[in-house]
Amino acid sequence: MKSNPGQLPQLLNKGLSPVYLISGDEPLLVQECCDQVRQAARKAGFHDRLTFHADHQFDWNLIADECSALSLFADRRRIEIHLPTGKLGDGRAVLERVLQNPPDDIILLLISARLDAAETRRKWYKELQGTGVHVPVWPVDTDKFPGWLQQRAGNQGLSLTRGALSILVERLEGNLLAASQELDRLSLLANGQTIDEETVERAVQDSARFSGFELVTELLAGRAAHAGKVIGVLQQEGENPLGLLAVLNRDLNLLLELKSATRQDEPPAAFLKKRGVFQPQRARVMEQAARRLSRAQLHEAITLCSQTDRATKGFGDLSPWSYLRDLSAHLAART
């Protein structure tokens, strides 16, 4: 069956399904839905966890073996499979077999990028619809972001003035993960008081000297030397790269759309405004990047973002900051 994120807690309270698919391009909302499934599974006794990252080199026989193996001590396990592209490839046949006869001692959690229409017509997806739960996570529209931010603040016990909300909306530009981090920081400053413009400005001044937003700008502008310095500072300060990765991945995909729009004679400024890019400096950087970078470079950069994301989750031998330095050099290269 299909469910929206708001219905998920109620479904979990009714009982666990053998498989859950959480898909979408909003890291914060995907993560929160996954955490709800994990918490419910732990309460039901599924304490052991195996995690797999299903890139194009992944051997899906590992999943088949885990699902068919008899546990010596009847341990109940959670198997999490990350699908960075939203496509299963060789895994379709494996999942079809598993979904036709799901094991009683395993909860399967698929964490995926947004699925395209072709993938939802596959046999494995139809099997999942009958056996498990699919929670598609959709982006928050630009015009709905202020309301989402206000509601999120209220859920955390924070009260924002209209001016404070306007500053945050302009600064965050729809990035939900960064919004969550910003509200966490503001909760430390608010001390139970209403958050006004002065409080927001103080939070901005007290934040890291180099922000993730600045790094994204430097990367897209191809200023590798300065981007390297920013990366070093963020790494030393223990910054979580997931927030800036979400922004960067969004902007790289937006650049691909901008290049297509330009080929169809749509003015870049009009396209960017339509997509919620109102700040002149950011719009200028985006226009210049679209002219300077080829489609092949942008696709490769998106792949590097996926590798960086994987590194933040403990996969691979390199740190995410190493991949960001490679990304910086890649985006600075001329076509």
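Would you mind getting the accessible area per residue of the chain, heavy atoms of the protein chains only, 1.4 Å probe, in Å²?
Values: 17140 Å² over 335 residues.
That works out to 51 Å² per residue.
Go ahead and run the numbers for FRET between Q156 and S68, Cβ-Cβ distance against an R0 of 45 Å, rounding to 0.05. Walk me through the numbers on the way to the answer.
Details: r = 44 Å, r/R0 = 0.98.
Using R0 = 45 Å, I get an efficiency of 0.55.
Taking all protein chains in place and a 1.4 Å probe, what share, in percent, of the accessible surface of the chain do carbon and sulfur account for?
Working: 8220 of 17140 Å².
That fraction is 48 percent.
Only one of the listed values, (1) 58, 53, 39; (2) 58, 39, 37; (3) 64, 49, 40, was derived from the coordinates as Cα extents along the principal axes in Å; which label is it?
(1)
Pick from N13, N240, N101: which residue has the top mean-square fluctuation in a GNM of the chain where Cα pairs under 10 Å get a spring?
In this elastic network of the chain, the residue with the biggest mean-square fluctuation among N13, N240, N101 is N13.
Between the alpha-carbon centers of the stretch 2-26 and the stretch 103-161, tell me the distance in whole angstrom.
8
If I take every Cα pair under 8 Å that is 6 or more residues apart in the chain, average their sequence separation and divide by the length, what percent do I get for the relative contact order? Can you show the working numbers first?
Working: 434 pairs, mean separation 55.9, N = 335.
So the answer I get is 17 percent.
On alpha carbon coordinates alone, what is the Rg over Rh value for the stretch 117-229, Rh being the Kirkwood radius?
On the way: Rg = 19.0 Å, Rh = 16.8 Å.
Checking Rg against Rh, the ratio lands at 1.13.
What residue among L176, L318, L21 has the largest mean-square fluctuation in a Gaussian network model of the chain, using Cα springs under 10 Å?
L318
Would you list M1, M286 from the most to the least accessible area, probe 1.4 Å?
On the way: M1 95, M286 0 Å².
Largest accessible area first, the residues go M1, M286.
List the chymotrypsin sites (Phe, Trp or Tyr not before Pro) within the stretch 60-152 that DSSP assigns to loop and that have no more than 16 neighbouring Cβ atoms inside 10 Å. Before the final figure, lay out the partial values.
Values: sites: W60, F73, W124, Y125, W148; in loops: W60, F73.
The qualifying sites are F73.
Considering the dipole of the stretch 83-122 built from charges on the beta carbon (Lys and Arg +1, Asp and Glu -1) around the Cα centre, which of V98, I111, G86 is farthest to its positive end?
About the Cα centre, the residue reaching furthest to the positive side is G86.
Pairs of Cα atoms under 8 Å, at least six residues apart: use those to get the relative contact order of the stretch 111-194, whole percent.
On the way: 33 pairs, mean separation 22.3, N = 84.
Contact order relative to length: 27 percent.
So how strong a dipole does the chain carry about its Cα centre when Lys and Arg Cβ are +1 and Asp and Glu Cβ are -1, to the nearest 20 debye?
Details: 41 positive and 42 negative charges, 131 e Å.
So the magnitude is around 620 debye.
Which helices count as membrane-span-like in the chain under these terms: full DSSP H, at least 27 Å along the axis by C-alpha, Kyte-Doolittle mean of 1.0 or more? List each step's numbers first, then the result.
Values: long enough: 242-263 (32 Å, 0.60).
Sorted by number, there is nothing, because no helix extends far enough and scores high enough.
Using Cα pairs closer than 8 Å and at least 6 residues apart in sequence, work out the relative contact order for the stretch 1-117, in percent. Before the final figure, lay out the partial values.
Working: 153 pairs, mean separation 43.6, N = 117.
So the answer I get is 37 percent.
Once the piece of chain linking R185 and K229 is laid out straight, how much longer is it, given 0.36 nm per residue of separation minus the C-alpha distance between them? Could the numbers behind the result be given before it?
Details: separation 44, 0.36 × 44 = 15.84 nm, distance 2.42 nm.
Answer, rounded to one decimal: 13.4 nm.
Check cross-link reach from K87 to the lysines: straight Cα distance under 24 Å, and skip same-chain residues fewer than eight apart.
Hits, sequence-local ones excluded: K2, K123, K126, K313.
Could you work out how much longer the chain between D326 and K123 gets when fully extended? Use 0.36 nm per residue separation minus the Cα distance between them, nm to one decimal.
Details: separation 203, 0.36 × 203 = 73.08 nm, distance 3.84 nm.
Length gained between D326 and K123: 69.2 nm.
Report, in debye and to the nearest 20, how large the dipole of the stretch 1-110 comes out about its Cα centre when Lys and Arg carry +1 and Asp and Glu carry -1 on their Cβ.
Numbers: 12 positive and 15 negative charges, 85 e Å.
Rounded to the nearest 20 debye, it is 400 debye.
Per DSSP H run of n ≥ 4, the term is -39500 (n - 2.57); total these for the chain, divide by its residue number, and report the mean residue ellipticity at 222 nm rounded to 500 deg cm²/dmol.
Values: 17 runs with 198 residues, N = 335.
After summing the helix terms and dividing by the residues of the chain, the value is -18000 deg cm²/dmol.
Using a Gaussian network model of the chain with C-alpha springs under 10 Å, which one of L245, L183, L50 is most mobile by mean-square fluctuation?
Looking only at L245, L183, L50, the biggest GNM fluctuation is shown by L50.
What full-extension length gain, to one decimal in nm, is calculated for D35 and N240 as 0.36 nm per residue of separation minus the Cα-Cα distance? Display every interim value, and only then the final one.
Working: separation 205, 0.36 × 205 = 73.80 nm, distance 1.81 nm.
Length gained between D35 and N240: 72.0 nm.
The values are calculated or read from the model by the stated rules, or taken from the named source; none is laboratory data. All values reported here derive from a predicted model rather than from experimental measurement. Note that each Cβ is placed from the backbone with ideal geometry, even for glycine, and that neighbours are counted across all protein chains shown. Side chains included, ligands, DNA and RNA excluded: accessible areas come from the protein's heavy atoms. Shrake-Rupley method; radii C 1.70, N 1.55, O 1.52, S 1.80 Å.
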